Amino acid sequence: MNAAANLRDRMDPLEQLIQDAPGRIDAAETIVALDEIEADTVGRRSPIAEARSALGGIKDAADRGAAGKAINDIANDLTSQIAARRQVLEGAEVNARLLSDKVDVTLPGRVPRRGTHHLIQQTMDEIVDIFVSLGYTMVQGPEAETAFYNFTALNIPETHPARHESDTLYLDYGESDEEILLRTHTSPVQARHMEVNDPPVYIVVPGKVFRADAIDATHLPVFHQIEGLAVDDGITFADLKGTLAEFARQYFGVDTEVKFIPHYFPFTEPSAEMHAYTQGRWIELLGCGMVDPAVFEHAGYDPDAFTGFAFGMGVERMAMVRHGITDLRTLIDPDVRTLEQYR
Ligand code: PHE
């Protein structure tokens, strides 16, 4: 077989290639398929490669050059077709990836379940805020207290029934002022505060208090109070009434009427209960009175130079009146359906 015939044999497959390759390239759906077509058409074992290797058999330099150029033209044409198709396929792959990663920013977000303060905490915060708006500062004191601060400093005598073991939860029961108990009211913080602060004093004291009571609709062994104490030069019972009436108006509504009924507390003299007219009835809200001079003496204040008033209210009671809750146990119900009503 002469060289020219040999080349013609080698060129025939190229004719075929020129026929078939463009359709195959266009039909390739993936980069992997296109890679295969590239190997088949212009790769090392392709008809193009074979035709090139046959070029050496053409003796005439001009013929050889023309044949080489023809092969190169075919090869270049196929290579650029493949490159164009590759670009299309790569673009499609990127689009597909973008599509599958797409974030729909118009979808409603996932809303996490939000917690909230318990009604008791909300109530304390709100009441404290009212007094802060009237110029008071919030202070706190220990829940485990000595008998001295819980009773003696508040003018509560050794013989008082509240000091009895059946009413008070003792942590360390003994005979003296040193015995340790769970405070039965927030009033000991009055004594603690006055011991280390000179007048004027305007404080509110929210906190837990404890009594040896069994749980029922009207008793909890652990409940909350807010104490108030105002001591200054020339404070009168009118200041007490004005302040507490203002509190009632802010907490229960501007139309709320209040009345003061004489009462007895060892640490105030005179003492009173404040009742409020709200939701169609009179309700006892809190205990109050003018600070007893004996309490000032324990605190080291001169009872001739200063006067003051104090009050103490039950937080649960305030929340129950305001929200129409009739059973105290509702407030210690851990059921979320109960709690969610008082968001
Ligand atoms: N500490 C009293 C109680 O627990 C309330 C009170 C406080 C009364 C301050 C008068 C003044 O009942």
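The values are calculated or read from the model by the stated rules, or taken from the named source; none is laboratory data. What you are looking at is a predicted structure, and each value in this text was computed from that prediction instead of being measured. Positions of Cβ are backbone-derived with ideal geometry, glycine not excepted, and every protein chain shown enters the neighbour counts.
One table, with the values for the structure above:
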item: The stretch 159-181, subset away from the ligand (no atom under 13 Å from the Cβ) and charged (D, E, K, R), residue surrounded by the fewest Cβ atoms within 10 Å (Cβ to Cβ); result: Glu175
item: Every residue from the stretch 276-295 that is hydrophobic (A, V, I, L, M, F, W, C) and within 14 Å of the ligand (Cβ to nearest atom); result: Leu285, Leu286, Cys288, Met290, Val291, Ala294, Val295
item: Complete set of residues in the stretch 144-158 that are more than 15 Å from the ligand (Cβ to nearest atom), surrounded by 14 or more Cβ atoms within 10 Å (Cβ to Cβ) and assigned to a strand (DSSP E or B); result: Thr146
item: Unique residue being touching a residue at least 60 places away in the same chain (Cβ under 8 Å), touching a Leu at 6+ places or on another chain (Cβ under 9 Å), within 16 Å of the ligand (Cβ to nearest atom) and hydrophobic (A, V, I, L, M, F, W, C) when the list is Ile235, Ile226, Ile215; result: Ile226
item: Tally of residues being in a strand (DSSP E or B), away from the ligand (no atom under 14 Å from the Cβ) and not aromatic (Phe, Trp, Tyr) across the stretch 182-212; result: 0
item: Those residues of the stretch 71-121 which are in contact (Cβ under 8 Å) with a residue 12 or more places away in the chain and either under 30 Å from Gln341 (Cβ atoms) or aliphatic (A, V, I, L, M) (or both), in sequence order; result: Ile71, Ile74, Ala75, Leu78, Ile82, Leu89, Thr116, His118, Leu119, Ile120
item: Residue among Arg97, Arg114 that is under 29 Å from the mean Cα position of the chain (by Cα) and at pLDDT below 90; result: Arg114
item: Residue in the stretch 130-143 that is within 16 Å of the ligand (Cβ to nearest atom), surrounded by 21 or more Cβ atoms within 10 Å (Cβ to Cβ) and closer than 19 Å to Val291 by Cα present; result: yes
